[in-house]
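Any read-out appearing in this document is the output of simple, stated calculations on the displayed coordinates, not a laboratory observation. All values derive from a computational prediction rather than experimental measurement. Cβ sites come from the backbone with ideal geometry, for glycine too, and all protein chains shown count toward neighbours.
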Amino acid sequence: MKKILLGLSLLSALAFGECTFERDGEPLVKWTAYKTPAKKAVSGSFRAVSIKGSESEKSLEKLLVGTEVFVQTNSVDSKNGGRDVKLVTYFFNILSDSNIKAKITVLKGNEEHGNMFIDITMNSLRRQIPMSYSIEEGMMMAVGYIDLSEFKALHAIDSINRACFELHEGKTWSDVKVEFKLPVTKVCSEEE
């Protein structure tokens, strides 16, 4: 039975050629924070994001595991200039680092969906965060949640809460939804 399966795998590879997974383009990093006792969502992204990692591999896991993303926190973009200044001044500048680093360490799933673990370094602390992902039409979309208290950032939350006390109705939450999008495509060459 094993010989038959091995033979079918070999025939399939010969018939369809080799496939690779490719990453082409920059990631989009999004966040959703929460304010007010009713937990009203406020979302945004970052304008300055860079990526370091392989651009082509024979498996999705090899392509993504080890990939690092670097975010400049002063490039926050909530589509509200006044809010962005407050976020930089009263939150991100309170933290010990002006960057956030994320590194994919584990990927479990297939070409359509699965789970991953990402090491996020913020405020000089690294924490492993679980995320789920899906890939549709050449775009990987991943989502997870962080708790800023795990990064010892409650003093930064207190700072932004004081600066925006009326708008936040005295409440800024420590949990943040994080998302990223990354162009990932499977390319197969046909044998001639």
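Overview of results
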read-out	value
Rounded to whole Hz, the Karplus (6.51, -1.76, 1.60) HN-Hα couplings of region 132-145, x for glycine and proline	9, 9, 9, 10, 9, 6, x, 10, 8, 10, 10, 9, x, 9
Whichever lysines have a C-alpha closer than 21 Å to that of Lys52, once near sequence neighbours (fewer than 8 apart) are set aside	Lys30, Lys62, Lys101, Lys103, Lys108, Lys181, Lys186
Gaussian network model of the chain, Cα within-10 Å springs - most flexible of Glu61, Glu22, Glu112	Glu112
In sequence order, calculated HN-Hα J values of region 148-157 (Karplus, 6.51, -1.76, 1.60; Hz; x Gly/Pro)	4, 5, 5, 9, 6, 10, 5, 5, 6, 5
Cβ-based net charge around His168, under 15 Å, with every Lys or Arg adding one and every Asp or Glu removing one	+3
Most fluctuating residue given options Glu166, Glu150, Glu26, as computed from a GNM of the chain linking Cα atoms under 10 Å	Glu166
Sequence-separation-based contact order of region 19-187, relative, with Cα cut under 8 Å and 6+ spacing, percent	28
Stretch gain in nm, segment Lys186-Asn80, where the contour uses 0.36 nm per residue and the Cα spacing is subtracted	34.5 nm
Fewest-first sequence of His113, His168 by Cβ atoms within 10 Å of each Cβ	His113, His168
Where chymotrypsin sites (Phe, Trp or Tyr not before Pro) fall in DSSP loop in region 111-192, at most 14 other Cβ within 10 Å	Phe165
